[in-house]
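Asker: Encoded as structure tokens, here's the structure I'll be asking about.
The values are calculated or read from the model by the stated rules, or taken from the named source; none is laboratory data. As the structure is a computational prediction, the values presented were derived from the model and not from experiment. Cβ placement follows ideal geometry from the backbone for every residue including glycine, while neighbour counts extend to all protein chains displayed. The area values use the complete protein model at the heavy-atom level, side chains included, leaving out ligands, DNA and RNA. Shrake-Rupley method; radii C 1.70, N 1.55, O 1.52, S 1.80 Å.
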Amino acid sequence: MAAGRRRGAGAVALAARGEPEPPPPAKASVATTEVVRTDLSDTRTLPGTLGYGAARPVRGAGEGLVTRLPKTGAAVRRGTPLYWVNDRPVPAFFGATPLFRRLDKIGLRGRDVTMVADNLTALGYDIGPRSSPAARVSRVSRVSRAKPLPGDVLTAGLRAALKRWQLDFGLKPTGTLDLGQVAVLPGPVRVGSIQARLGDPAAGDLITVTRAVKVVTVPVNAVDVGTIRRGMRVTVVLPSGDEIPAKVTAIGAAVTDGGSDGTVPQVNVTVTPSKGSDVKAVDSARVEVRFTVKAREDVLAVPVGALLALREGGYALQLPGGKLVAAETGMFTRGMVEVSGSGITPGLTVVTSS
């Protein structure tokens, strides 16, 4: 009370001297925000290179000299000549198993036989009934209980189809295939570069091939690649600033070693644009790829500054009157946090520090 009288007397004295009376202290303003219902996502943008991907060599086999080579950039299709040896065309077959032996006897079994059967069938030739991997187990296999060789059996029907294809392709219809008579590739590709010269031995690195379509190669830290999956939809930002849809089509198995300069091991992720026409005018360029690695739809959220850490652990939201409401937290992204709990509803006004 005495302090109040002293402040009052001072104010009267100031007024008597003609000085203005000081204003009363202002109440501190409190920043507030509202709980909103929204979708949250966590995106990561990484640099990548647009092109045809890594080149892989094509090595010839067998005897003879190279007499004709394809042009760089040429598309390679199944059953079409890839190069010529001794002026005979060597066609491209697609598959995962190369021709590793001479196929000349009915009854041979193996994945190389399966590769030939798959290609002749794809080219429209009737190979007759196919044998399953479990069929025709040899007597030795039955006695020893050894597992049969995987793959198809070279049947009379398959050999007859091979003869018809050889005749149509302009080759001698022997019904047999030898090393170097076909070039087995993983699928449709394009010629990346020419390594051999005319007159070189056929048994050597002849050309390189790349993917047939343009892709984006993105190096991703090995510790982060687990958040990326095949089929994931992403956005590619071109040098022009245009954004085009794409998806992850491959995740490399090889991990690059980290360097002594502190760089971390990385894995190459392949991203394929949804429409090839979107990158038709771009030959090779540095681009950015935006991955959405997390997504939460239709959740309640507030700015991170609205969270109040409790001394006993956990979090709460503070109402303008001072009351605390316990809050469970979920995803954090872009300055927002997912919240839930009793009493937390859309439109609820809470105190925030920002």
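Asker: Could you figure out which of (1) within 15 Å of the chain's Cα centre (by Cα); (2) among the aliphatic types (A, V, I, L, M); (3) modelled with pLDDT of 90 or more isn't true of Val225?
Answerer: For Val225, the failing item is (3).
Asker: Now a separate question. Identify the residue in region 92-119 that is touching a helix residue (DSSP H, G or I) at 6+ places or on another chain (Cβ under 8 Å) and not in a loop (DSSP other than H, G, I, E, B) and, among all such residues, is nearest to Gly151 (Cα to Cα).
Answerer: Residue satisfying both the conditions and the ranking: Val113.
For (1) open to solvent by 60 Å² or more (accessible area, probe 1.4 Å); (2) of a type in the set (A, V, I, L, M, F, W, C), each residue gets a yes or a no:
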position	(1), (2)
Leu50	no, yes
Gly53	no, no
Pro57	yes, no
Ala61	no, yes
Val66	no, yes
Pro70	no, no
Gly73	no, no
Leu82	no, yes
Arg88	yes, no
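Asker: What residue, among those in region 252-274 that are in contact with a strand residue (DSSP E or B) (Cβ under 7 Å, 6 or more places away or on another chain) and more than 17 Å from Thr45 (Cα to Cα), is modelled with the lowest pLDDT?
Answerer: Thr256
Asker: Is it the case, given these coordinates, that Thr256 is surrounded by fewer than 18 Cβ atoms within 10 Å (Cβ to Cβ) and under 12 Å from the mean Cα position of the chain (by Cα)?
Answerer: No, not satisfied.
Asker: Also, quick follow-up: Residues Thr270, Thr249: which one is surrounded by 14 or more Cβ atoms within 10 Å (Cβ to Cβ), of a type outside the set (A, V, I, L, M, F, W, C) and either in contact with a helix residue (DSSP H, G or I) (Cβ under 8 Å, 6 or more places away or on another chain) or in contact (Cβ under 8 Å) with a residue 60 or more places away in the chain (or both)?
Answerer: Of Thr270, Thr249, the one residue that is surrounded by 14 or more Cβ atoms within 10 Å (Cβ to Cβ), of a type outside the set (A, V, I, L, M, F, W, C) and either in contact with a helix residue (DSSP H, G or I) (Cβ under 8 Å, 6 or more places away or on another chain) or in contact (Cβ under 8 Å) with a residue 60 or more places away in the chain (or both) is Thr270.
Asker: Considering each residue of region 129-142, count those that are loosely packed, with under 13 Cβ neighbours inside 10 Å and modelled with pLDDT of 50 or more, and give that number.
Answerer: Matching residues across region 129-142 total 2.
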